[in-house]
1. Test Glu282 against the stated conditions and say whether it is over 30 Å from Val344 (Cβ atoms) and modelled with pLDDT of 90 or more.
2. Restricting to region 82-106, and then to whatever is assigned to a loop (DSSP other than H, G, I, E, B) and not basic (Lys, Arg), can you tell me which residue is farthest from Ile207 (Cα to Cα)?
3. Which of the residues belonging to region 275-304 are over 30 Å from Ile207 (Cβ atoms) and small (Gly, Ala, Ser)?
4. Among the residues of region 51-81, what is the count of those that are part of a strand (DSSP E or B) and closer than 21 Å to Thr228 by Cα?
5. Can you tell me which residues in region 332-347 are over 7 Å from Val48 (Cβ atoms) and in a loop (DSSP other than H, G, I, E, B)?
6. Within the group Thr174, Thr206, which residue is in contact (Cβ under 8 Å) with a residue 40 or more places away in the chain and crowded, with 19+ Cβ neighbours inside 10 Å?
Amino acid sequence: MKKIFRKSLVWLKKFWWVVLLVILLGGGKVVLSRRQSSRTTKVKTAVVTRKDLRETVSLDGHLEAHEKVTLKFKTGGLLTWVGVKEGDWVKKYQAIASLDKRELKKRLKKEMNDYLKARLDWEQKRDDYQYWQRWFELSDEEKRILAEYQYNLDNAVADVEIADLAVRLATITTPIEGIVTRVEAPFPGVNISPSEAEFEVVNPQTIYFYAEADEEDVVKIQKGMKVTISLDAFPGETFSGEVGRVDFAPTSGSGGPSYPVRIEFLHLDNKEMKFKLGMEGEATIEIAQEKDVLTIPLEALHGEENLWVWVMTERGKEKREVKIGISSEEAVEVLSGLQEGEKVVLD
């Protein structure tokens with residue numbers, strides 16, 4: 001082992017210049033490669049330019065209808081008539097289904113007879129006490145007897161009205177016009193409970209776009225703002241609209257608060273007939289619009305409260321604070337801190 005070490009030492013003393021040359025060549029190669037990589041690495045920049053800018057908020061949602069009702073009977077009974085089926089168009093106040101009214105009509109007749117009897121008793125008692133001639137001469141006991149007969153007559157009138165109302169409520173009428181979208185009891189001749197026979201009617205002419213906005217976006221949205229609506233069922237086609245209402249209270253659910261936003265369609269030209277309830281899509285709400293303003297890409301902006309950008313100068317990169325205005329999905333308006341033509345760093 002010692003012999004090998006001595007031989008190596010002798011060789012290094014004799015050929016030291018070879019070792020030095022190898023080291024110099026290796027170091028130079030590393031330095032050269034670093035210089036080449038620094039020259040080939042380019043900084044990605046963008047020019048501060050003037051252009052028109054639109055700030056928008058996009059919300060996902062679906063189609064709903066202002067006029068949509070679910071109708072059902074107040075009480076159960078024998079279903080004797082169904083006058084509609086799913087897909088039918090009905091007019092306002094049109095009858096669509098009815099229960100068996102035979103028992104109800106018999107009860108109404110009985111209540112009417114009780115009313116007539118109570119009225120005859122009331123009139124007879126008034127004649128007995130000569131109510132019209134000697135009202136001021138009646139004793140307190142006689143007045144109480146007459147009042148009792150008056151109450152009996154009033155109760156009989158109320159019973160007749162209740163029985164008549166039961167006959168009327170045995171027939172369902174729709175308070176709106178529209179399309180029948182659901183009939184849960186299409187076949188007469190079966191006994192039903194109120195929950196087993198529901199009828200749903202929707203007026204397609206009152207279709208609107210329903211969406212929900214989070215608390216960051218809802219503060220920007222106001223009634224009357226212009227909206228562009230796109231539906232998944234109609235690719236490549238857009239519909240114009242405007243914000244009709246922004247709810248004050250959020251919807252109940254998990255996560256952060258979401259506020260309902262109702263968007264009305266404009267200039268449909270009877271196209272609402274091809275819309276279907278529940279169709280999904282996206283609404284783009286125009287929050288603000290500025291023309292010919294200084295803009296930079298959003299990716300050039302840094303910070304949260306105090307905003308700043310990197311600006312390319314002759315001396316290299318320079319950090320500079322800026323103030324911004326409205327922003328779109330890609331660009332932001334610069335109010336101060338930059339001039340047109342300057343270059344900002346993107347990476």
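1. yes
2. Asp100
3. Ala300, Gly303
4. Residues meeting the conditions: 14.
5. Listed by number, the residues that qualify are Gly337, Leu346, Asp347.
6. Testing whether each residue is in contact (Cβ under 8 Å) with a residue 40 or more places away in the chain and crowded, with 19+ Cβ neighbours inside 10 Å leaves just Thr174.
The values are calculated or read from the model by the stated rules, or taken from the named source; none is laboratory data. It should be emphasised that the depicted structure is a prediction, and the values quoted were computed from it without experimental measurement. Backbone-built Cβ (ideal geometry, glycine too); neighbour counts: all protein chains shown.
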